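Working notes for the structure below.
The values are calculated or read from the model by the stated rules, or taken from the named source; none is laboratory data. All values reported here derive from a predicted model rather than from experimental measurement. Here Cβ is always computed from backbone atoms with ideal geometry, including for glycine, and neighbour counts include all displayed protein chains. Each accessible area value is taken on the protein alone, full model and side chains, heavy atoms only, with ligands, DNA and RNA left out. Shrake-Rupley method; radii C 1.70, N 1.55, O 1.52, S 1.80 Å.
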Amino acid sequence: MTDFATTPRRSAAVTLARVRLGAGGPLAGVRVAGGRVTHVVPGQEAVRPAGPAADERVVDLDGRVLLPGLWDAHVHLAEWASARRRLDLSGTASAREVADRVRAHGRTAPGAGTVLFGYGFRDGLWPDAPDRRLLDAALPDRQVVLVSADLHAVWLNSACLALVGRGDHPTGLIREAEGHEVLAALPEVPAETLDDWVADACRAAAARGVTGVIDFQYGDTVGAWERRSAQAPPAVRVSAAVYPSHLDAAVARGLRTGSAIGSGTGAADGLVRVGPLKLFTDGSLNTRTALCRDPYPGLENTDGAHGIEQTAPDELVRLMRRAAAHGIEPAVHAIGDRANTVALDAFEAVRCRGRIEHAQLLSPEDLPRFAELDVTAGVQPRHATDDRDVADRYWAGRTARAFAYADLLAAGARLEFGSDAPVSPLDPWLAVASAVTRTDDDRPAWHPEQRLPVRDALAAAARGRRLVRVGDPADLVVVDVDPLTAGPDALRAMPVHATMTAGRWTHGPC
């Protein structure tokens, strides 16, 4: 049986004594029972709420900071769990450097008859182009497939192209929908093995203060989580996305966004629920397929000069309307400014709640529409720092409205942070630090006018929760350093003392 929780230690009631209530907050006592917060008593003397049961456990947190549990509102969990065991290609500066890493890895990690998987390359600024022949020369006797950091391209050698029936592909670099088809055609990891990897990834997320994720893993995500929740409760809450190919089945079963799924403990606690319908308007910045009003430099007067349209506007509205009519909220991938306008126009036509995922480049007139239409902006602050150089090249003259988190907040939008793991690591503190600093190296902040205050960044990482309050689900994180006084490095490496999800300790010595 897969152990999805570290040790499911759930008591009838527990008092958290001498804990600071929020960043910069006062000492307080907080009581948890039945998976919810039942008492919050501020004040230095109120280290223990009055009248606890005789056998109630008291945990003295010695002045540590108590925050609402953090969420990663955009992950591809099986991809992330797999990527943690694959060849890491992040930071490579050329196609040839990637080939050299593949060659070196093949020598130290032999696997005759198995596919070598790598992930994390970004070719947007490379001086040379990915090509099958480079990988053929590096590792001629083994199938190789490499997934780009943004998950919008795959690079295969000739042996792997033959395996998936595309032996005549000229370069081996395959983008967007065709790339997803290629990945789907590769041999699958056994479900039991993948479930073990996902369980481990959930525990690692809990160790960073994560109490919930929205899982946008491609495929039958609901079905995968039904299987997992029947085994054991996960260490985090999971909202499992629905893809269009599974929409009819979800409607026929009466599934709605927020409804519990599964038959095991995870379902009983409401830990695993149906998420949104994932739809796409465009591609990505690094692949120059994000749909933009202006052409990409160097691609003028060519097909795809403005990016690609993944879903026609009429079809987008049709799918959103069908989903919303059955209680399934849409989550629309939109990166370019034209794509975001198309997505917002669709929400205006359908008049339903939902999300836009990424919202990377926005037209000024679209900023207030997020609040007006009650559309959440699901954003990934690490993308702003990871992609600043490629944005400066391909969105030159427009980057003042790229990753415009401060402008979105000022316009009344609701922000929710994610990682898009494995595009960036599943660690909410990296997102918080990137949002606060707008840099992750020694360079000055990139567009510092879009920096967020620490309190706003923490709220976006906690799905809008700013303080622990009576009646809240007992999804809590205890940290050793006050985020308000932590510098950038301390924010990124925030020491997490303990994490609780639904009243169960999922990480820490408590």
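Quick one: length gained pulling residue 493 to residue 252 fully straight, 0.36 nm per residue minus the C-alpha distance? Spell out each step's value before the answer.
Values: separation 241, 0.36 × 241 = 86.76 nm, distance 4.52 nm.
Fully extending the segment from residue 493 to residue 252 adds 82.2 nm.
Could you work out how far the C-alpha centroid of the stretch 433-468 sits from that of the stretch 285-354, in angstrom?
The two parts, judged by their Cα centres, are 26 Å apart.
Computed FRET efficiency, Cβ-Cβ of residue 392 and residue 114, R0 56 Å: what is it to the nearest 0.05? Each step should come with its number before you reach the end.
Details: r = 40 Å, r/R0 = 0.71.
Here the calculated transfer efficiency is 0.90.
How many Å² of accessible area per residue for the chain, probe 1.4 Å? Show your work: numbers first, answer last.
On the way: 19270 Å² over 510 residues.
Value for the chain: 38 Å² per residue.
At what distance in nm do the modelled label points of residue 166 and residue 374 sit from each other, each positioned 7 Å from its Cα along Cα→Cβ?
Inter-label distance under the simple model: 4.1 nm.
Please give the length that would be gained between residue 104 and residue 353 if that part of the chain were fully extended, namely 0.36 nm times their separation in residues minus their C-alpha to C-alpha distance (nm, one decimal). Walk me through the numbers on the way to the answer.
Values: separation 249, 0.36 × 249 = 89.64 nm, distance 4.91 nm.
The span from residue 104 to residue 353 would gain 84.7 nm if fully extended.
Between the stretch 358-382 and the stretch 194-251, what is the C-alpha centre distance in whole Å?
Using only Cα atoms, the two centres lie 26 Å from each other.
Between helix 191-206 and the chain, what is the angle of the helix's C-alpha long axis to the longest principal axis, kept within 0 to 90° and rounded to the nearest 10?
The two axes meet at around 50 degrees.
Could you please tell me the mean projected area of the C-alpha convex hull for the stretch 134-273, averaged over all directions and given in square nanometres to one decimal?
Working: hull surface 40.3 nm².
For the stretch 134-273, averaging the hull's shadow over all directions gives 10.1 nm².
Taking R0 as 41 Å, what FRET efficiency do you get between residue 62 and residue 259 from their Cβ-Cβ distance, rounded to the nearest 0.05?
Numbers: r = 40 Å, r/R0 = 0.98.
Approximately 0.50, to the nearest 0.05.
On a C-alpha basis, how far is the centre of the stretch 63-77 from the centre of the stretch 154-175 in Å? Whole number, if you could?
39
How many nm is it between the label spots at residue 193 and residue 363, if each spot is 7 Å from the Cα in line with the beta carbon?
In this crude spin-label approximation the distance works out to 4.8 nm.
Take residue 36 and residue 484, extend 7 Å from each Cα along the Cα→Cβ direction, and tell me the distance between the two endpoints in nm.
2.9
In the chain, with Lys and Arg counted as +1 and Asp and Glu as -1 at Cβ, which of these residues, 343, 496, 312, has the Cα nearest the positive end of the dipole, that is, farthest along it?
496
Need one value: the accessible area of residue 192 in square angstrom, 1.4 angstrom probe, rounded to the nearest 10.
Number for this one is 140 Å².
Give me the percent of the accessible area of the stretch 378-468 that comes from carbon and sulfur atoms, probe 1.4 Å, all protein chains in place.
Details: 1470 of 3000 Å².
Carbon and sulfur together cover 49 percent of it.
Can you give the angle from 0 to 90° between the axis of helix 313-325 and the longest principal axis of the chain, with both taken from C-alpha atoms, to the nearest 10?
30
In terms of the ratio Rg/(2.2 N^0.38 Å) built on C-alpha atoms, what value belongs to the stretch 323-433? Can you show the working numbers first?
Working: Rg = 13.8 Å, N = 111, 2.2 N^0.38 = 13.2 Å.
Taking the Cα Rg and dividing by 2.2 N^0.38 Å, one obtains 1.05.
So for the stretch 166-243, Kirkwood radius off the Cα pairs, Stokes-Einstein at 20 °C and 1.002 mPa s: how many µm² s⁻¹? Kindly include the intermediate steps, with their values, before the conclusion.
Numbers: Rh = 14.5 Å.
Stokes-Einstein gives a translational diffusion coefficient of 148 µm²/s.
Rounding to the nearest 20 debye, state how big the charge dipole of the chain is about its Cα centre with +1 on each Lys and Arg Cβ and -1 on each Asp and Glu Cβ. Don't skip to the end; give the middle numbers.
Details: 57 positive and 65 negative charges, 283 e Å.
Here the chain has a charge dipole of around 1360 debye.
Give me the extension gain from residue 141 to residue 93: residue separation times 0.36 nm, minus the current Cα-Cα distance, reported in nm with one decimal. If you can, show how the numbers build up before the last one.
Numbers: separation 48, 0.36 × 48 = 17.28 nm, distance 2.51 nm.
Extra length available between residue 141 and residue 93 comes to 14.8 nm.
What number comes out for the charge environment of residue 24, summing +1 per Lys or Arg and -1 per Asp or Glu over other residues with Cβ under 9 Å away? Walk me through the intermediate numbers first.
Details: positive: 20, 455; negative: 482.
Local charge sum for residue 24: +1.
Angle between the Cα long axis of helix 176-185 and the longest principal axis of the chain, 0 to 90 degrees, nearest 10?
Tilt relative to the chain: about 80 degrees.
For q = 0.09, 0.10, 0.12 Å⁻¹, what log10 I(q)/I(0) does the chain give under the Debye formula with an equal point scatterer on each alpha carbon and no solvent?
Reported log10 I(q)/I(0), two decimals: -0.64, -0.80, -1.14.
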